[in-house]
Amino acid sequence: MILQKVQVTNFRSVDDSGEFDVNSVTCLVGKNEAGKSAILLALAALNPNKATPVTLDKERDFPRRHLVHYPKIHGNQDAVVVRTVWQLDECETQVIADDVGDGALTSPLVEVSRRYGQGIAVSAQLNCSAMVEHHLRLFALDAAERSMLKSPETTDQLVEALTSLSSPTEKGSSPVVVGGEDPKLNHRA
């Protein structure tokens, strides 16, 4: 994956860096306390090293001048600290296609972000119908078996249809795991 864009918000001295492009050489220029190191630290929070772990602590890292207004500003959601856009190479795209089906990934761009109090979130644009068809092919269901599933359009619907069968076929009860909310992929139709 190649990093394409970065945006840091709500982190130390950075209210909002604005989205900026990242190229093979990218310079951060600014006065002291302008937020250059904060941007790098927020990026490090996406892939912390065990030797130097980066934790996001709302009390310590959220801009102090806005901390008392945090609930009013963000409601019941945690504030986004870092949002990045990455481009997958052909090999990575093929690995995803092998796992979830050809045509399932509709864009080679993937968004990776992190909020206070949460882990890393990955979002990709996916064609759920292609994913369902891929999983149906894995089960090698015939027409009669497919008709019992009532044409699911998402992997969640497929899982629900498979589990609601009163008497699943031998193929339908195989150990192949399909869809649901994969923690690595946030499905967008």
Tilt of helix 155-164 relative to the longest C-alpha principal axis of the chain, in degrees (0 to 90, nearest 10)? 40
Suppose only helical runs count, i.e. DSSP H with n ≥ 4. What mean residue ellipticity at 222 nm does that imply for the chain under -39500 (n - 2.57) per run, divided by all residues and rounded to the nearest 500 deg cm²/dmol? -8000 deg cm²/dmol
Using Cα centres only, tell me the gap between region 83-148 and region 5-73 in whole Å. 29
Extending each Cα 7 Å along its Cβ direction at Glu111 and Val68, get the distance between those two points in nm, one decimal. 3.3
Counting all C-alpha pairs of region 43-135, share separated by more than 17 Å (%): 62
Taking a cut-off of 18 Å between Cα atoms, list the aspartates and glutamates near Lys31, but don't count ones fewer than 8 places away on the same chain. Asp15, Asp16
Extension gain, Val122 back to Lys31 (0.36 nm per residue minus Cα-Cα distance, nm): 29.5 nm
HN-Hα J couplings of region 6-16 from phi, Karplus 6.51/-1.76/1.60, θ = phi - 60°, integer Hz, Gly and Pro as x? 9, 9, 10, 9, 6, 9, 6, 8, 9, 6, 7
For q values of 0.24, 0.26 Å⁻¹, compute log₁₀ I(q)/I(0) with the Debye formula on a Cα-only model of region 1-94, without solvent. -1.31, -1.41
Return an integer: the convex hull volume of the alpha-carbon atoms of region 32-73, in Å³ per residue. 94
List the residues, sorted by chain then number, that are 5 or more residues from Asn127 or on another chain and whose placed amide H is less than 5 Å from its amide H. Leu105, Thr106
Checking region 1-81 for trypsin sites (Lys or Arg not before Pro) in a loop per DSSP with at most 14 other beta-carbon atoms within 10 Å yields Lys31, Lys50
Inter-label distance for Lys5 and Asp142, nm, one decimal - labels placed 7 Å from Cα along Cα-to-Cβ: 5.0
When every alpha-carbon pair in the chain is counted, what percent end up more than 26 Å apart? 48
Ignoring ligands, DNA and RNA, please state the percent of accessible area on the chain from carbon and sulfur, probe 1.4 Å. 52
Per residue, how much accessible area does the chain show when a 1.4 Å probe rolls over the protein heavy atoms, in square angstrom? 62
Which residues' amide hydrogens lie under 5 Å from the amide hydrogen of Tyr116, considering only partners 5 or more residues apart or on another chain, with H built in the peptide plane? Ala79, Val81
Among Ser37, Ile120, Trp86, which residue has its Cα positioned farthest towards the positive end of the charge dipole of the chain, with +1 placed on the Cβ of Lys and Arg, -1 on the Cβ of Asp and Glu, and the dipole taken about the Cα centre? Ser37
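The values are calculated or read from the model by the stated rules, or taken from the named source; none is laboratory data. For clarity, every value in this text was computed on a predicted model and none was experimentally measured. As a convention, Cβ positions derive from the backbone with ideal geometry for all residues, glycine included, and neighbour counts pool all protein chains shown. The accessibility values were calculated without ligands, DNA or RNA, using every heavy atom of the protein model including side chains. Shrake-Rupley method; radii C 1.70, N 1.55, O 1.52, S 1.80 Å.
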